[in-house]
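Trainee: Structure incoming, see below.
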Amino acid sequence: MLNLPTQSFPAPSSQQRVAPSGHSGRTKVALKPGHSLMDWIRFSKSGKDLTGLRGRLIEVTQEELQKHNTRNDCWTCIRGLVYNVSPYMDYHPGGEDELMKAAGIDGTDLFDQVHRWVNYESMLKECLVGRMATKPTATFKGIVPPPPPVFNPTTPVTALTVKDSSPRYEWFQTESTVHLIIYAKRKIPKSCCTVVDLAAGVLRLEVLLGKMSYVIHLCLLEAVDANIAVHTAATVGKIQVTIHKQEKEKWPSLGQPLEFHNTFLCKKERTLFYRDCVLVSRTEVNHNTHVLQLQLPRGTVMQVPVGKHVYLKSLIQETEVVRPYTPIDKGLSVGPDPSSENKHLYLMIKFYSDGALTQHLNSLHVGDHISVSGPEGTFSLRPLRDVTVLYLLAAGTGLTPMARLIQLALQEMNTIRKAQLLFFNRREEDILWRRELDELAAKDERFQVEHILSEPCDSWAGRKGRVDEAVINDCLDRPDGSKCYVCVCGPTAFTELTVGLVKQQGFMEEELHIFQG
């Protein structure tokens, strides 16, 4: 029997990410009817021989792998495991051409760059041919993450040796409390940069610092309460986390360091950390979209920064399915609820008849559980400094990252003179939060919204059509002396077309952010 390696998802050198600003990341193609993710799950569980090896697992040499490089005979290697991806060709959202780039070679780097949020081990389990007899040479050039540091409980793990920039921590105690002080050594946001998870005596604390991540991971010495307080001194870059002891006594130490304790890594090198959340309510937005309110565990403190997303994960028919969603506030005009902003997430989710995860989410009842990751994404508020005109182009649920950005622009950015949303939908009943958007536009003269429908009814008096050069030319002007910024979010085809048109209008890469998903 082959000794196949067991791997967790995401693997240490992989993560689930959307593409950085200015890059399309991955291209989707229109799949044939009957070729959705759920169709693939059903097909892969049908008992058919998807490898052509009648259930045998073999060791594959480099020479053998290279032979299988055609559309109907396509093998590829991911982290030492070889898969026959030929049966998956018609089901792949990125199309045949994307898979063929890895035909007959080691596709690990390509997979990590483009398909990071696919659990390939679960998705392609029935396509597993075997393992490489020897370690293959990576064909694709890319950023190869360094190997994870060797864990030694007695020695702090340091992933970066830049003394001047690496955060550090210290702790002190009173009879009833434990206090951790993190020195970020840089200015930090007033909120939304610290995620704390405390469960079964294990503390995991992550500080998000731009593209970097600082983690404290400890098994605490004694029992503590789940109530955690986080205080941030933004200008001096200091964070204090307070934990309450269950017994009033002095601790001789803080506890036992766990894996990746006291490490400072690029965020993309971290594996995603999930916590179990509970559905506490669901509110209908329109005929196919609801807002789900999720309650974080009692020992979790987490705020998702504006423009960031989280991943939801669930096991569906023995296949792990993961999708990104951008949190919103309870309403467009009410803003975050200070009493619950660290305790709840609000997610606006459109349910698709062939959507594997959305159908599962639609079946959840109040009290059911779902796994939720921490904040992810490349969006930064830094490019918005001194911006005077903010253009937001959204289609469908592409509204979700725009919602909190609109609130932030109007409430906290004094330089913004105009924030305009171009909201593309098919029909009038598809418009999300239409009343809230129109009311906000009537209330604040700096905010403008234009609804554009591709399949309007006869009585529709607004703009009609799809995103095209005429719409962009009409709506995206550059007033004299202004500093403009453009954000785009929607289905892949909409995003790619819109970005091209915006650039044709003269907007530069640094004036543009693309929310991917």
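The values are calculated or read from the model by the stated rules, or taken from the named source; none is laboratory data. Remember, predicted model here, so these are calculated numbers, not experimental data. Cβ atoms come from the backbone with ideal geometry, glycine included; neighbour counts cover every protein chain shown. In case anyone asks, the SASA skips ligands and DNA or RNA and just uses the protein heavy atoms, side chains included. Shrake-Rupley method; radii C 1.70, N 1.55, O 1.52, S 1.80 Å.
Trainee: Of all residues in region 167-201, count the ones that are within 17 Å of ARG270 (Cβ to Cβ), in a strand (DSSP E or B) and not acidic (Asp, Glu).
Mentor: Looking only at that region, the number is 4.
Trainee: Something else about it: With the condition kept exactly as written, say whether any residue in region 438-454 is open to solvent by less than 60 Å² (accessible area, probe 1.4 Å), closer than 18 Å to PHE424 by Cα, assigned to a loop (DSSP other than H, G, I, E, B) and among the polar types (S, T, N, Q).
Mentor: Yes: region 438-454 contains one or more residues that are open to solvent by less than 60 Å² (accessible area, probe 1.4 Å), closer than 18 Å to PHE424 by Cα, assigned to a loop (DSSP other than H, G, I, E, B) and among the polar types (S, T, N, Q).
Trainee: Take region 487-510 and flag every residue that is in contact (Cβ under 8 Å) with a residue 12 or more places away in the chain, within 28 Å of the chain's Cα centre (by Cα) and assigned to a helix (DSSP H, G or I).
Mentor: THR492, ALA493, PHE494, THR495, GLU496, LEU497, THR498, VAL499, LEU501, VAL502, GLU509, GLU510 - these are the residues of region 487-510 that are in contact (Cβ under 8 Å) with a residue 12 or more places away in the chain, within 28 Å of the chain's Cα centre (by Cα) and assigned to a helix (DSSP H, G or I).
Trainee: Also, I was wondering about something else. Identify all residues within region 303-317 that are on the phi > 0 side of the Ramachandran plot and either open to solvent by less than 10 Å² (accessible area, probe 1.4 Å) or touching a Gly at 6+ places or on another chain (Cβ under 7 Å) (or both); write none if there are none.
Mentor: The one that is on the phi > 0 side of the Ramachandran plot and either open to solvent by less than 10 Å² (accessible area, probe 1.4 Å) or touching a Gly at 6+ places or on another chain (Cβ under 7 Å) (or both): GLY307.
Trainee: Has region 26-36 got any residue that is among the aliphatic types (A, V, I, L, M) and either at pLDDT below 50 or within 18 Å of TYR83 (Cβ to Cβ) (or both)?
Mentor: no
Trainee: A follow-up question, please. Under 7 Å between Cβ atoms, at least 6 apart or on separate chains: pull out the pairs that start in region 75-97 with a residue that is without any contact (Cβ under 8 Å) to a residue 60 or more places away in the chain and end on any residue that is of a type in the set (Asp, Glu) and buried (at least 21 other Cβ atoms within 10 Å of the Cβ).
Mentor: Note: pairs meeting the criteria are CYS77/ASP106.
Trainee: Give the number of residues within region 196-228 that are farther than 20 Å from SER165 by Cα, touching a residue at least 60 places away in the same chain (Cβ under 8 Å) and open to solvent by less than 40 Å² (accessible area, probe 1.4 Å).
Mentor: Counting residues in region 196-228 that are farther than 20 Å from SER165 by Cα, touching a residue at least 60 places away in the same chain (Cβ under 8 Å) and open to solvent by less than 40 Å² (accessible area, probe 1.4 Å) gives 6.
Here's the yes/no breakdown for (1) over 29 Å from PRO93 (Cβ atoms); (2) touching a strand residue (DSSP E or B) at 6+ places or on another chain (Cβ under 6 Å):
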residue: THR415; (1), (2): yes, no
residue: ASP430; (1), (2): no, no
residue: GLU439; (1), (2): yes, no
residue: ALA442; (1), (2): yes, no
residue: GLU455; (1), (2): no, no
residue: SER482; (1), (2): yes, yes
residue: LYS503; (1), (2): no, no
residue: GLU509; (1), (2): no, no
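Trainee: Continuing with this model, one more query. Applying the selection to region 403-455, what residues are within 26 Å of PRO189 (Cα to Cα) and touching a Pro at 6+ places or on another chain (Cβ under 9 Å)?
Mentor: Of everything in region 403-455, those that are within 26 Å of PRO189 (Cα to Cα) and touching a Pro at 6+ places or on another chain (Cβ under 9 Å) turn out to be ARG404, GLN407, ARG417, LYS418.
Trainee: Here's a follow-up. I need the full set of residues from region 67-101 which are small (Gly, Ala, Ser) and touching a strand residue (DSSP E or B) at 6+ places or on another chain (Cβ under 7 Å), in order please.
Mentor: GLY80, SER86 - these are the residues of region 67-101 that are small (Gly, Ala, Ser) and touching a strand residue (DSSP E or B) at 6+ places or on another chain (Cβ under 7 Å).
Trainee: State all residues of region 370-425 that are buried (at least 19 other Cβ atoms within 10 Å of the Cβ) and of a type in the set (D, E, K, R); if no residue qualifies, say none.
Mentor: Scanning region 370-425 gives GLU376, ARG404.
Trainee: Check whether at least one residue in region 51-73 is modelled with pLDDT of 90 or more, under 31 Å from the mean Cα position of the chain (by Cα) and open to solvent by less than 70 Å² (accessible area, probe 1.4 Å), and report yes or no.
Mentor: Looking through region 51-73, none of the residues is modelled with pLDDT of 90 or more, under 31 Å from the mean Cα position of the chain (by Cα) and open to solvent by less than 70 Å² (accessible area, probe 1.4 Å).
Trainee: Scan (1) of a type in the set (Lys, Arg); (2) at pLDDT 95 or above; (3) surrounded by fewer than 15 Cβ atoms within 10 Å (Cβ to Cβ) for the single condition LYS190 breaks and write down its number.
Mentor: Going through the list (1) of a type in the set (Lys, Arg); (2) at pLDDT 95 or above; (3) surrounded by fewer than 15 Cβ atoms within 10 Å (Cβ to Cβ), LYS190 breaks only (2).
Trainee: Examine region 469-486 for a residue that is over 12 Å from VAL389 (Cα atoms), part of a loop (DSSP other than H, G, I, E, B) and open to solvent by 20 Å² or more (accessible area, probe 1.4 Å), and state whether such a residue exists.
Mentor: For region 469-486, residues over 12 Å from VAL389 (Cα atoms), part of a loop (DSSP other than H, G, I, E, B) and open to solvent by 20 Å² or more (accessible area, probe 1.4 Å): absent.
Trainee: Looking at region 80-97, is at least one residue open to solvent by 70 Å² or more (accessible area, probe 1.4 Å), under 30 Å from ILE216 (Cα atoms), out of contact with any helix residue (DSSP H, G or I) (no Cβ under 9 Å at 6 or more places or on another chain) and at pLDDT below 90?
Mentor: no
Trainee: If you check every pair at least six apart or on different chains, which have Cβ atoms under 9 Å apart with a residue in region 347-366 that is part of a loop (DSSP other than H, G, I, E, B) first and a residue that is open to solvent by 70 Å² or more (accessible area, probe 1.4 Å) and of a type outside the set (D, E, K, R) second?
Mentor: PHE351/GLN359; TYR352/GLN359; SER353/GLN359
Trainee: Let me ask you something else. With the structure loaded, tell me whether SER8 is more than 16 Å from GLY94 (Cα to Cα), under 28 Å from the mean Cα position of the chain (by Cα) and either at pLDDT 80 or above or of a type in the set (S, T, N, Q) (or both) or whether it fails that test.
Mentor: Yes; evaluated as a whole, the condition is true for this residue.
Trainee: Every residue in region 455-468 that is open to solvent by 50 Å² or more (accessible area, probe 1.4 Å) and part of a loop (DSSP other than H, G, I, E, B), please.
Mentor: Scanning region 455-468 gives GLU455, CYS457, ASP458, SER459, ALA461, ARG466, ASP468.
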